[in-house]
Amino acid sequence: MSDQIAMSIDPNVDPYGCLGIIRNTDDCIIRPQIFRSFSSTIPDNDFSVFMKDLVINSTKDMWARIVIPREVLNSEIKLPLVVYFHGGGFVMAATVDTPILQKFYTTLAVEIPAIIVSVDYRYAPENRLPAAYDDCVESLYWIKNTANELLKKHADLSKCFLLGTSAGGNIAYNVGLRVAEVSECLKPLEIKGLILHHAFFGGNERTKSELRLVRDKILPLNVCDIMWELGLPIGSDRDHPYCNPMVEIRSNENLFDQMKILGWRVLVIDCDGDPLIDRQIEVTKMLKEKGVQVVDSFSEGGFHGCEFFDDVKLKDMALVVKEFVRA
């Protein structure tokens, strides 16, 4: 969905319009036709980074945008690799070339510095979960096997981090749990940690922050409920583990064993203006109790995804991620 739609429609008044979809009276969901312009090389609008698009799986319309600091292009320097999963509640038609993401990529790539590979995945309800997880796991095998010279030359595959915003944070968490069990199969790609940025989690029982911000202008509760309704497997409620990680954390004592063996670390980023903040605090607390190495960065004010709209907050976030990646 375009930034213009996202910012011009009040989600409390027209939640489906905000998501870029139409719900008919028979509950049929219609998505206006999306025209995506694939370009192997992006015009040089930013002289600090070089961007290139590559196809991952044409049958699924999956592709990736590679973002590389220009200063390393003519060198033999290898940088940490950050695989990025964008947000959109699994439903919104965001893509790796969505305009609002470009400054985000650029800032992270330059400030860390790192190679960013932003990955597309299929939307719900056309492709409900776990389709997005499947696609993002596939993207990691694609990176492992890539013949792309830019990645081979400049990305340190032995130092990879999975970063996701909102639904992408949910993906980073769930994909991380999956691939921790098959880490040997991914080599030479070696994941060192997860970065959960305003991760989209939920549950049947409302949290205090969700109720406090029930009519939030960015992510009100009605929109969250619709996205989970359309994104989860048919017949599931919000206590499905894809939505509510606490269900599986409480029921599976060994859930993080492989992650701990591999020495992975987890960075959780959020702010108290996000309706999801209580979810992040709860997950962070439980991860720490389970012995996972966790760093949390919770700030005052803000709102869900505020770093995309506030350059100062984006710079602050980039510095937090830099410290985590370079540790």
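The values are calculated or read from the model by the stated rules, or taken from the named source; none is laboratory data. The shown structure was predicted, so the numbers you read here are calculated from the model rather than taken from an experiment. Please note: Cβ atoms are built from the backbone with ideal geometry, for glycine as well, and neighbour counts cover all protein chains shown. In case anyone asks, the SASA skips ligands and DNA or RNA and just uses the protein heavy atoms, side chains included. Shrake-Rupley method; radii C 1.70, N 1.55, O 1.52, S 1.80 Å.
Hey, could you check the stretch 273-327 for residues that are of a type in the set (Val, Ile, Thr) and out of contact with any Ser or Thr (no Cβ under 8 Å at 6 or more places or on another chain) and say which is nearest to Asp257 (Cα to Cα)?
So the residue we want is Val292.
If the Cβ limit is 9 Å and pairs must be 6+ apart or interchain, which residue in the stretch 311-325 that is part of a helix (DSSP H, G or I) pairs with which residue that is surrounded by fewer than 20 Cβ atoms within 10 Å (Cβ to Cβ) and among the basic types (Lys, Arg)?
If the second residue must be surrounded by fewer than 20 Cβ atoms within 10 Å (Cβ to Cβ) and among the basic types (Lys, Arg), the pairs left are Asp311/Lys103; Leu314/Lys103; Phe324/Arg265; Val325/Lys159; Val325/Lys192.
For the subset of the stretch 306-318 comprising residues that are open to solvent by less than 80 Å² (accessible area, probe 1.4 Å) and either aliphatic (A, V, I, L, M) or touching a Pro at 6+ places or on another chain (Cβ under 7 Å) (or both), which member is farthest from Leu213 (Cα to Cα)? Working first, answer last.
Start the filter on the stretch 306-318 by keeping residues that are open to solvent by less than 80 Å² (accessible area, probe 1.4 Å), which leaves 306-308, 310, 313-314, 317-318.
Keeping just the survivors that are either aliphatic (A, V, I, L, M) or touching a Pro at 6+ places or on another chain (Cβ under 7 Å) (or both) gives 314, 317-318.
Working: Leu314: 23, Met317: 23, Ala318: 26 Å.
Only one residue fits best here, namely Ala318.
Scan the stretch 228-255 residue by residue and report those that are outside any loop (DSSP other than H, G, I, E, B) and small (Gly, Ala, Ser). Step through it out loud before you land on a result.
Taking the stretch 228-255 and keeping what is outside any loop (DSSP other than H, G, I, E, B), we get 228-231, 245-251.
Residues satisfying the conditions are Gly231, Ser251.
Quick one: which residue in Ile249, Ile234, Ile261, Ile226 is open to solvent by 10 Å² or more (accessible area, probe 1.4 Å), modelled with pLDDT of 95 or more, more than 18 Å from the chain's Cα centre (by Cα) and under 23 Å from Val182 (Cα atoms)?
So the residue among Ile249, Ile234, Ile261, Ile226 that is open to solvent by 10 Å² or more (accessible area, probe 1.4 Å), modelled with pLDDT of 95 or more, more than 18 Å from the chain's Cα centre (by Cα) and under 23 Å from Val182 (Cα atoms) is Ile261.
Which one of these is among the aliphatic types (A, V, I, L, M), crowded, with 24+ Cβ neighbours inside 10 Å and under 14 Å from the mean Cα position of the chain (by Cα): Ala114, Ala94, Ala109?
Of the residues listed, the single one that is among the aliphatic types (A, V, I, L, M), crowded, with 24+ Cβ neighbours inside 10 Å and under 14 Å from the mean Cα position of the chain (by Cα) is Ala94.
Return only the number of the condition from (1) free of Cβ contacts under 8 Å to residues at least 60 places away in the same chain; (2) outside any strand (DSSP E or B); (3) in contact with a strand residue (DSSP E or B) (Cβ under 8 Å, 6 or more places away or on another chain) that Ile116 does not satisfy.
(2)
Across the stretch 132-158, what is the number of residues that are open to solvent by less than 10 Å² (accessible area, probe 1.4 Å) and not in a strand (DSSP E or B)? If you could, list the steps in order and put the result at the bottom.
Within the stretch 132-158, the first condition is being open to solvent by less than 10 Å² (accessible area, probe 1.4 Å), and the residues that meet it are 132-133, 135-136, 139-140, 143, 151, 154-155.
Applying the additional criterion that residues be not in a strand (DSSP E or B) yields 132-133, 135-136, 139-140, 143, 151, 154.
Residues meeting the conditions: 9.
Given the conditions (1) surrounded by 18 or more Cβ atoms within 10 Å (Cβ to Cβ); (2) assigned to a helix (DSSP H, G or I), report the number of the one that Asp274 does not fulfil.
Condition not satisfied by Asp274: (2).
Hey, among the residues in the stretch 56-79 that are part of a strand (DSSP E or B) and touching an Asp or Glu at 6+ places or on another chain (Cβ under 9 Å), which one's surrounded by the fewest Cβ atoms within 10 Å (Cβ to Cβ)?
Among residues in the stretch 56-79 that are part of a strand (DSSP E or B) and touching an Asp or Glu at 6+ places or on another chain (Cβ under 9 Å), the one surrounded by the fewest Cβ atoms within 10 Å (Cβ to Cβ) is Asn57.
Does Asn170 satisfy the criteria of being assigned to a helix (DSSP H, G or I), open to solvent by less than 10 Å² (accessible area, probe 1.4 Å) and of a type in the set (S, T, N, Q)?
yes
For residues in the stretch 277-305 being among the aliphatic types (A, V, I, L, M) and within 19 Å of Ala318 (Cα to Cα), which is surrounded by the most Cβ atoms within 10 Å (Cβ to Cβ)?
Val294
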